[in-house]
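Have a look at the structure below before the remarks.
The values are calculated or read from the model by the stated rules, or taken from the named source; none is laboratory data. These numbers come from a predicted model, not from an experiment. Backbone-built Cβ (ideal geometry, glycine too); neighbour counts: all protein chains shown. Heads up: the accessible areas ignore ligands, DNA and RNA and are worked out on the full protein's heavy atoms, side chains in. Shrake-Rupley method; radii C 1.70, N 1.55, O 1.52, S 1.80 Å.
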Amino acid sequence: MKKLALLFLLSISFYSCKDEKKDNPTPDNICITSDVTYTNTVKPIITKNCVACHGAATPMNLNDVSTLQGIAQNGKLYKVITHADGVSPMPKNQAKLSDCDIEKIKVWIDAGAQNN
Ligand code: HEC
């Protein structure tokens with residue numbers, strides 16, 4: 001019986017936690033794109049998701065900022081990460097980047113794909 005009461009209390013506390021989250025969205029629900037830079041924002045996304053295949057010893061070294069700027073400016077970067085028609089979807093054979101990461105890369109491209 002004690003166990004049952006404990007279970008009941010636990011489920012109430014879980015429930016109230018859930019409710020709280022709805023009313024006060026936590027920061028991980030928000031995509032912050034106001035302070036996007038190459039160094040702090042874009043580079044870590046590319047390092048995590050792309051350089052395993054596009055590293056220094058490959059034809060398209062995305063560790064190299066000028067190579068990345070090249071595909072940003074010719075439109076390929078945005079096309080591949082949004083899985084647009086006519087290009088190979090990237091990261092190849094893996095899940096699409098999160099909406100937030102895609103949005104951050106878009107902000108960087110739209111601001112001129114600077115090495116900042
Ligand atoms: C698992 C390996 C792998 C990963 C991870 C990967 N790529 Fe690729 N990428 C390739 C291969 C292989 C090609 C050559 C085309 C093909 O085989 O689809 C390619 C081609 C490309 C192209 C040229 C596409 C075209 O149609 O002209 C771009 C741009 C590109 N990748 C960008 C990226 C970006 C940006 C990421 C990270 C978000 C990424 N890739 C992650 C393997 C990968």
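Among residues of region 36-47 that are more than 12 Å from Gln114 (Cβ to Cβ), those with a Cβ under 6 angstrom from a residue that is within 16 Å of the ligand (Cβ to nearest atom) and open to solvent by less than 60 Å² (accessible area, probe 1.4 Å), sequence gap 6+ or separate chain, pair up as Ile45/Asp101; Ile46/Leu62.
Restricted to helices (runs of 4 or more DSSP H) entirely inside region 54-116, those with at least 1 residues that are surrounded by fewer than 15 Cβ atoms within 10 Å (Cβ to Cβ) are 65-73, 99-110.
Look through Thr47, Thr82, Thr58, Thr33 and report the one residue that is more than 14 Å from the ligand (Cβ to nearest atom) and at pLDDT 95 or above. Of the residues listed, the single one that is more than 14 Å from the ligand (Cβ to nearest atom) and at pLDDT 95 or above is Thr33.
Annotation note: Cβ proximity below 9 Å between a residue of region 75-88 that is over 16 Å from Cys50 (Cα atoms) and a residue that is open to solvent by 40 Å² or more (accessible area, probe 1.4 Å) (sequence gap 6+ or interchain) occurs for Ala84/Tyr78; Asp85/Lys79; Gly86/Lys79.
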